[in-house]
Each structure stands twice: as structure tokens, then as C-alpha cells.
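S.K.: The structure follows.
The values are calculated or read from the model by the stated rules, or taken from the named source; none is laboratory data. Computed from a prediction, not measured in an experiment: that's the story for all the values here. Quick reminder, even Gly has a Cβ in these numbers, built from the backbone with ideal geometry, and neighbours come from all protein chains shown. In case anyone asks, the SASA skips ligands and DNA or RNA and just uses the protein heavy atoms, side chains included. Shrake-Rupley method; radii C 1.70, N 1.55, O 1.52, S 1.80 Å.
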Amino acid sequence: MRIGVDVGGTNTDAVLMDGRTVVAATKSPTTEDVSSGIISAITTVMTESKVGPEAIEVVMIGTTHFTNAFVEGKRLLDVGVLRLSLPSASGIPPMADWPERLKKAVGSHIYEVPGGYQFDGRENAALDEAKIVAAARDMKAKGLKTVAICGIFSPINSAQEERAGDIVAREIPGVYISLSSRIGRISLIERENAAIMNASLAELSIKVVESFRDALRKLHITAPFYISQNDGTLMSADHVEKYPVLTFASGPTNSMRGAAYLSGAKNALVADIGGTTTDIGVLANGFPRESSVTVDIGGVRTNFRMPDIFAIGLGGGSLVETVDGSVSVGPESVGFHLLDKARVFGGDVLTASDIAVASGQVVMGDPAHLASLDKALVANALDAIHAKLAEAIDRMKSSASAVPLILVGGGSILISRPIPGTSDMIVPEHAAVANAIGAAIAQVGGEVDRVFSYEAMGRDQALTHARDEAISQAVAAGADPATIEIVDVEEFPLQYMPGAAVRLRVRAVGDLMLGSDKKKGAQP
């Protein structure tokens, strides 16, 4: 059996699954310390199902903890930024376009030294080790605990980054090191930004992962646990401690994977309506469509794997207000204080959930608290809710054809009318906890993102090489070889470069092999 948990800003959801069957599910408010909310949610599903901790084979957790910490600029470490690039790439220094508040949060400790590669891995400039030693000693004198290292075309050849990392680790014992080649893709600035983000979260990631471990210890669960990452696949806890940025979009990704699983749809629009926001994405072959452009997080551009998500301020806790005779819904929200502040629960704040109850769309709380609500206000608020979602759906569609819309999340109770541009509106069973289900069914994967010379190798051989390497990475991560499939192949011809250079990106995913699967010889 497996447990899936999703820790959102408003609710912590948990499900217990036996193979592909949902045995128990719960949704409870997220707590300030996170771990007690996880303990509460897992205890509920285990108690309801009468399953003991010894029956749990694996726990999967999705979290937005690190995204929120970075965007808010809280609990971040000062970062030493070491760029291996001179004499080129000096025109745009590191963090040139960062918001001032985030620059202040991570400091301006920047060191540019000779180094870097050409697109095909040939050395652009030799590494100047003496300057790296000098930079490391200056960082040590400043008391820096974490360093981000980024070199030109390091995803093609990471040798210089690794050597620089060894030097810095020798000069500053115990320092956290983030190598950009292990985090981002080829583009220098966006990859460097991702490495700096990752480095700033180095201490927090260890604390958060330890709080997850502590929660499972208190529940006497000895099974391994994994954390879901941006592309819907899993990372080990040890990996998350080193690369917290790879979890940044795991929340909406889990919801979309859960929506595909519950509905059986492979290609559709998904609206995950939570307590504060609605995330809208597109399912392509059962996986979230990935963003093809740089992704902005808190005002900082990055290029690591992220789903193509459009978020709006609409959720069950959204404030409903009348301004100049017009009714507005959100973006402000009562968040995880819904049970304290919403009028239907005895509070004094009118929320979107109150409107859903007053209109008869759902039964919860005490409707008597809403008896004095003006009917015209309720009708206008409902119009505003549906118009807001319809506009967002229209922005995400890539064609005029009507496509199915899957509604998931606790706030899916807000929608009761057909949305223009959609063919069917599907609200599957267990829709409210689709994110936790998405975490529970998450797979493991491998990816290759590299430049090949078709002139030297030939297209077929290059594709085969990339596919084999992606599959090997998935198997090494714990995937059942019998379930692995190639889910994404992208080719980007690189203009103005010799040798018919093509950037190949290949991704393979497979089901996580559990102990019971091996015994039964069957898949979960």
C-alpha cells in the first residue's frame, strides 16, 4: 500500500491507495509547522482504513514549501555566486534582472573567473584555479554557507563545474554547493538563476525534509518516502535536500496527474481550484504540457522543467466584495483560515464558499448563517466566478476546438455551469484530493538534454543513444523496466553552428517498483 500527501497553502490532503484503488482519503487544514498537519492527515486515512504502519510500502509527498519560501524571500541563505565564463559572458552579470528584494535576500557576492565550454564541449577558456581559490577564501571570510557555481555550456561538459566545486569545498569545509549543470538546462542566465535559487534554499531544504522524516517516525512508518517534482516524477528525500528547486511546481503537477488518473482522460484541460488560487494546465498524453519558454518565479527567470500553468486568484476562500456596485471575487483569500472566517462556518467574511452554499450547489457548514444574503449578490457573485474561470480557460487553449475540462480540488464545488470552449465538464470521484492521488501514483523518470552532431553521429544513432540513456536513468531511479516508456522527444536544430548540431531532449518515465510488485510480478 502507498500513501500520497500534498501539502498546499490551505489544505493538507492525504490518500491511502492499495494498488490502483483509493482506500481512504482526507482533506485537513495546513498547519503552521507543516509536520503536525501531515501527521494528522496520515493518521486519519490509516485509522479510517484500519491499516497499520507495517502495511505501508512507500509514502509520496508533494509540497509548495520551497516555492513559497523563495517567492516570499524568507529563510534564504546568502549565496556566493561563482561564474566560470571569462573572457566571454561578462556583459550581463549574475542576478542582473532580479527584483531588489530577492537580491537583498541572497546578497550580492559575485565572482566571475575564466572558464566555460563551446556548444560541443570543447574548452572555451581554461579554468583559472588560483582565482577560484581566491574567490572561495573571500566567501569564507564573509561567512557564506552556500555557493552556486555556473559555467558556460556546463550541461554539455560539467568537468569545470565539478573541479571548481571540489576547490570550493576544500577551502570552505561543510559548504553547500549547487552546480548549475545538475539543475537547469543549457541557457546560461536562466540556469545560473536556478542554481542560485537552489543554493539559497540549502539549509531550509534539510530542515523541511527532516520534518517529513520526523512526522513519519512519529507515525511508526519505516517505509521510504519520496517527494514529487515539477514534471510529475519522484525524487528521493536525499535528492530533495540537494535540489529543492526541482519541487517548485509539484503541487499543480500532482493535481494534473491525479486528474488524468481519476478521469481516464489523456488530453484535456485541467482546472485545479484550491482555497486561494486556481491553476489551469493542459494534459498531453496524460502528463502536464511543459512550458516551452522561460518560467518566471517571483520575478526571476529560470529554465528547469516546469508545467505550463496559468494561475488566477480564485478559490474557495476568495473574498467576495461589492465595489462601486460590482461584485468581485478574489484574488484576496482567507487561505487556511476558511473554517474560522467564512460566514457559513460562523465567521464574518463573505467567501466564494459561502456563495456556493447559498446558491444550493453544495451543503456544508450551517446555511442558516447565510439566510440574510441578498439573492442578487449571490447571483452576481456566481456570474463573476464562472466568468473568471472562462477567461482563464480561453487563455490556455491553443485552438478554437472545444476540449474536455476536468475540475479537481476542493474548490471545484464553485463551478456549476458549462464553461464556454469546453466540450465536457468532468468532476471525477475523489476530485477534491486529486493532488494527493497524483503524488501517490507519481512515477520515476530520466531525462537527457544534450547537443548532438548529426553530421558525425547520424540522426538515428543520436536518438537511440539519447533514448537508451534516459531509460537507464529511469531504471537507476527505481523504475520498473517493464513499464518504462519514452513520453517526450524534442529536437531543436541549432542554427549557425557547425556539424549539423541538434539539441535533443528525451524523457523516459516508469512506475516505481515496490516490494509487493516484485513479489507479485505485477504492476501497481
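S.K.: Small (Gly, Ala, Ser), at pLDDT 90 or above and within 14 Å of the chain's Cα centre (by Cα): is that true of Ala199 in this structure?
M.R.: No.
S.K.: Shifting gears a bit: Listed residues Ile183, Ile206, Ile221; which is within 24 Å of Thr21 (Cα to Cα), touching a helix residue (DSSP H, G or I) at 6+ places or on another chain (Cβ under 6 Å) and among the β-branched types (Val, Ile, Thr)?
M.R.: Result of the check over Ile183, Ile206, Ile221: Ile221.
S.K.: For the stretch 360-380, which positions are assigned to a helix (DSSP H, G or I), within 37 Å of the chain's Cα centre (by Cα) and small (Gly, Ala, Ser)?
M.R.: Matches in the stretch 360-380: Ala379 only.
For (1) open to solvent by 50 Å² or more (accessible area, probe 1.4 Å); (2) touching a residue at least 12 places away in the same chain (Cβ under 8 Å), each residue gets a yes or a no:
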site: Pro288; (1), (2): no, yes
site: Ser291; (1), (2): no, yes
site: Gly298; (1), (2): no, yes
site: Arg301; (1), (2): yes, yes
site: Phe304; (1), (2): no, yes
site: Pro307; (1), (2): no, yes
site: Gly313; (1), (2): no, yes
site: Gly316; (1), (2): no, yes
site: Val323; (1), (2): yes, no
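S.K.: Now a separate question. I need a count of the residues in the stretch 263-272 that are aliphatic (A, V, I, L, M) and modelled with pLDDT under 90.
M.R.: Counting residues in the stretch 263-272 that are aliphatic (A, V, I, L, M) and modelled with pLDDT under 90 gives 1.
S.K.: For Pro420, only one of the following conditions fails: (1) over 28 Å from the mean Cα position of the chain (by Cα); (2) part of a helix (DSSP H, G or I). What is its number?
M.R.: Looking at each condition in turn, Pro420 falls short on (2).
S.K.: Conditions: (1) in contact with a Leu (Cβ under 6 Å, 6 or more places away or on another chain); (2) farther than 17 Å from Val59 by Cβ. Gln229 meets all but one. Number of the miss?
M.R.: It is condition (2) that Gln229 fails.
S.K.: Determine whether the stretch 21-40 contains at least one residue that is of a type in the set (Val, Ile, Thr) and in a helix (DSSP H, G or I).
M.R.: The answer is yes, given that some residue of the stretch 21-40 is of a type in the set (Val, Ile, Thr) and in a helix (DSSP H, G or I).
S.K.: For the stretch 144-158, indicate whether the set of residues that are buried (at least 22 other Cβ atoms within 10 Å of the Cβ), among the basic types (Lys, Arg) and touching a residue at least 60 places away in the same chain (Cβ under 8 Å) is non-empty.
M.R.: no
S.K.: Something else: Of all residues in the stretch 159-213, which are buried (at least 22 other Cβ atoms within 10 Å of the Cβ) and either of a type in the set (D, E, K, R) or in a loop (DSSP other than H, G, I, E, B) (or both)?
M.R.: Glu161, Ile183, Gly184, Arg191, Glu192, Leu201, listed by residue number.
S.K.: Okay, moving on. Suppose the filter is exposed (fewer than 15 other Cβ atoms within 10 Å of the Cβ), hydroxyl-bearing (Ser, Thr, Tyr) and in a loop (DSSP other than H, G, I, E, B); does Ser398 pass it?
M.R.: It is true that Ser398 is exposed (fewer than 15 other Cβ atoms within 10 Å of the Cβ), hydroxyl-bearing (Ser, Thr, Tyr) and in a loop (DSSP other than H, G, I, E, B).
S.K.: A follow-up question, please. So which residues in the stretch 41-67 are in a helix (DSSP H, G or I) and of a type in the set (S, T, N, Q), if there are any at all?
M.R.: Once the filter is applied, which keeps residues that are in a helix (DSSP H, G or I) and of a type in the set (S, T, N, Q), the stretch 41-67 yields Thr43, Thr44, Thr47, Ser49, Thr67.
S.K.: Cβ contacts < 7 Å: first residue crowded, with 19+ Cβ neighbours inside 10 Å, restricted to the stretch 59-71; second residue assigned to a helix (DSSP H, G or I) and among the aromatic types (Phe, Trp, Tyr), any location; separation 6+ or different chain. Result?
M.R.: That search, which allows pairs on different chains as well, returns Ile61/Phe212.
S.K.: Given the structure, is Ala136 surrounded by fewer than 16 Cβ atoms within 10 Å (Cβ to Cβ) and not polar (S, T, N, Q)?
M.R.: Considered against the rule, which asks whether it is surrounded by fewer than 16 Cβ atoms within 10 Å (Cβ to Cβ) and not polar (S, T, N, Q), Ala136 comes out as no.
S.K.: Which one is nearest to Ala125 (Cα to Cα) among residues in the stretch 80-106 that are modelled with pLDDT of 90 or more and β-branched (Val, Ile, Thr)?
M.R.: Only one residue fits best here, namely Val81.
S.K.: State whether one or more residues within the stretch 262-272 are on the phi > 0 side of the Ramachandran plot and open to solvent by 10 Å² or more (accessible area, probe 1.4 Å).
M.R.: Within the stretch 262-272, one or more residues are on the phi > 0 side of the Ramachandran plot and open to solvent by 10 Å² or more (accessible area, probe 1.4 Å).
S.K.: Taking the stretch 451-477 as the region of interest, how many residues are in contact (Cβ under 8 Å) with a residue 12 or more places away in the chain and either open to solvent by less than 70 Å² (accessible area, probe 1.4 Å) or polar (S, T, N, Q) (or both)?
M.R.: Total satisfying the criteria: 15.
S.K.: Just one of (1) touching a strand residue (DSSP E or B) at 6+ places or on another chain (Cβ under 9 Å); (2) closer than 23 Å to Ile186 by Cα trips up Gly91, so point out which.
M.R.: Failing condition for Gly91: (1).
S.K.: Pick from the stretch 478-499 the residues that are open to solvent by less than 70 Å² (accessible area, probe 1.4 Å) and over 26 Å from the mean Cα position of the chain (by Cα): which of them is modelled with the lowest pLDDT?
M.R.: So the residue we want is Met497.
S.K.: Which one is surrounded by the most Cβ atoms within 10 Å (Cβ to Cβ), of the residues in the stretch 345-359 that are in contact (Cβ under 8 Å) with a residue 24 or more places away in the chain and assigned to a loop (DSSP other than H, G, I, E, B)?
M.R.: The extreme case among them is Leu350.
S.K.: Is it the case, given these coordinates, that Ala271 is of a type outside the set (D, E, K, R), over 28 Å from Lys104 (Cα atoms) and in a strand (DSSP E or B)?
M.R.: Here the answer is yes, as Ala271 does meet what is asked.
S.K.: Any chance you could count how many residues in the stretch 287-333 are in a loop (DSSP other than H, G, I, E, B), within 18 Å of Arg257 (Cβ to Cβ) and either at pLDDT 80 or above or β-branched (Val, Ile, Thr) (or both)?
M.R.: Counting residues in the stretch 287-333 that are in a loop (DSSP other than H, G, I, E, B), within 18 Å of Arg257 (Cβ to Cβ) and either at pLDDT 80 or above or β-branched (Val, Ile, Thr) (or both) gives 3.
S.K.: Consider Gly116 against the criteria (1) crowded, with 22+ Cβ neighbours inside 10 Å; (2) farther than 23 Å from Ile441 by Cβ; (3) modelled with pLDDT of 90 or more: it satisfies all of them except one. Which criterion is unmet?
M.R.: It is condition (3) that Gly116 fails.
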